[in-house]
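Chemist: There's a structure below that I have some questions on.
The values are calculated or read from the model by the stated rules, or taken from the named source; none is laboratory data. Note that the structure is predicted; figures quoted are calculated from it, not measured. No Cβ is skipped: glycine too gets one built from the backbone with ideal geometry, and neighbour counts run over all protein chains shown.
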Amino acid sequence: MNPIVSCQQVTYRYGKKLAINQLTASFPQGQAIGLLGENGAGKSTLLKLITGIMQPNAGQIKVFGETPNWQTLKRISYLGDRAQWYKFHRIQEAIQFAQQLCPNFQLSRAEHYLEFLKLNPQDFVESLSKGQMMRLQLLLCLSRDVDLYILDEPFSGIDLISREKIIELLIELLAERTATFIISTHEIYETEGLFEYVFLLKNGKIVKKGKTDQLRAELGSIQNVYREVFR
C-alpha cells in the first residue's frame with residue numbers, strides 16, 4: 001500500500017534555526033499515528049509542511065501522491081494553532097459557520113459530538129474554559145469527512161475530564177473510520193493505546209519509528225521507548 005504521506009530529505013528553517021533537518025519518512029495509510037518528541041523537536045513544523053500551509057526549503061513532500069496544495073488540503077482536517085475565528089459566536093453559530101466554510105462538513109456528526117463532549121450549543125465561545133474550547137475545536141475538526149486528520153497537541157494544557165472525553169471520542173472514531181490520523185502529543189501515557197504506529201522526532205529528524213506492538217515488545221511501553229530516546 002502506498003504511504004499517505006512521504007517525505008524525502010525535507011528541510012525547513014526559521015531564519016538561522018533549523019527546524020526540520022533532511023527528514024525522510026513514510027506515513028502508512030489508514031493508521032493511527034503518534035508523532036512524539038520534546039518541545040522544539042519540529043513536530044508542529046512538520047505537520048504544517050504536510051498540510052501545505054508552509055513549504056519546505058529543500059526536499060520533497062507528497063500527500064496522496066501529490067505535492068501539498070489547495071486540492072489536497074480539502075482532504076485534510078487540521079487541528080493546529082487554535083485559530084478562533086468564531087470567538088464571539090455561540091457554539092451553534094460556530095458550527096453553522098464551519099458547515100459553510102469547510103468542505104465535507106457533516107452537521108449531523110457535529111450535533112452528535114455536541115452531546116458526546118457535553119457542550120451547550122447556546123454557550124458563547126469566549127466564555128468557554130480551555131478544556132471546553134479544545135473540545136469545540138476537536139468537534140469542528142472531526143466533523144469533516146476526510147481522508148487525513150492531523151491533530152497538533154489536542155490534549156495540551158487541558159483538564160483531566162476533557163482529556164478523557166477526547167480520548168474516548170478518538171477511540172470511537174478510530175473504530176469506525178478508515179481514515180489516517182496523525183496526532184502530535186506529549187501525553188504518551190494516556191494516548192499510546194490509540195496508536196498503531198509511532199514516529200519519534202528529535203532535532204528535526206525521525207530518530208525512531210515503528211509499529212507500536214513491535215516497539216512495546218522491545219521495551220514494554222511507548223513511554224519507555226520515549227525515555228530511551230530522550231533521556
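Chemist: In region 4-27, what residues are within 16 Å of the chain's Cα centre (by Cα) and either surrounded by 22 or more Cβ atoms within 10 Å (Cβ to Cβ) or modelled with pLDDT under 95 (or both)?
Modeler: I4, V5 - these are the residues of region 4-27 that are within 16 Å of the chain's Cα centre (by Cα) and either surrounded by 22 or more Cβ atoms within 10 Å (Cβ to Cβ) or modelled with pLDDT under 95 (or both).
Chemist: With respect to the numbered conditions (1) part of a helix (DSSP H, G or I); (2) more than 19 Å from Y113 (Cα to Cα); (3) among the charged types (D, E, K, R), which one is the sole condition not fulfilled by K208?
Modeler: It fails just one condition, (1).
Chemist: Related question: Output the residue which, of all residues in region 120-140 that are of a type in the set (A, V, I, L, M) and surrounded by fewer than 20 Cβ atoms within 10 Å (Cβ to Cβ), is nearest to L173 (Cα to Cα).
Modeler: Checked region 120-140; the qualifying residue nearest to L173 (Cα to Cα) is M133.
Chemist: Take the residues of region 52-81 that are of a type in the set (D, E, K, R) and in contact with a strand residue (DSSP E or B) (Cβ under 7 Å, 6 or more places away or on another chain): which is farthest from V146 (Cα to Cα)?
Modeler: By that ranking, first place goes to K62.
Chemist: Restricting to region 40-74, name every residue that is surrounded by 17 or more Cβ atoms within 10 Å (Cβ to Cβ), of a type in the set (K, R) and not in a helix (DSSP H, G or I).
Modeler: Across region 40-74, the qualifying residue is only K62.
Chemist: Kindly indicate the residue of region 205-217 that is in contact with a helix residue (DSSP H, G or I) (Cβ under 8 Å, 6 or more places away or on another chain) and not polar (S, T, N, Q) and also surrounded by the fewest Cβ atoms within 10 Å (Cβ to Cβ) among those meeting that condition.
Modeler: V207
Chemist: Another one. Would you call N69 farther than 20 Å from F155 by Cα, modelled with pLDDT of 95 or more and not β-branched (V, I, T)?
Modeler: no
Chemist: Moving on to the next point. Given region 94-201, what helices (runs of 4 or more DSSP H) lie entirely inside it while holding 3 or more residues that are without any contact (Cβ under 8 Å) to a residue 40 or more places away in the chain, farther than 24 Å from I4 by Cα and over 14 Å from the mean Cα position of the chain (by Cα)?
Modeler: Result: 107-116, 130-142, 160-176.
Chemist: Quick one: what pairs do we get from region 1-27, first residue within 11 Å of G204 (Cβ to Cβ), second aliphatic (A, V, I, L, M) and surrounded by fewer than 15 Cβ atoms within 10 Å (Cβ to Cβ), C-beta under 6 Å, 6+ apart or different chains?
Modeler: Pairs found: T11/A58.
Chemist: Restricting to region 175-197, and then to whatever is closer than 19 Å to G40 by Cα and touching a helix residue (DSSP H, G or I) at 6+ places or on another chain (Cβ under 6 Å), can you tell me which residue is surrounded by the fewest Cβ atoms within 10 Å (Cβ to Cβ)?
Modeler: I188
Chemist: Determine whether Q84 is polar (S, T, N, Q), modelled with pLDDT under 95 and not in a helix (DSSP H, G or I).
Modeler: yes
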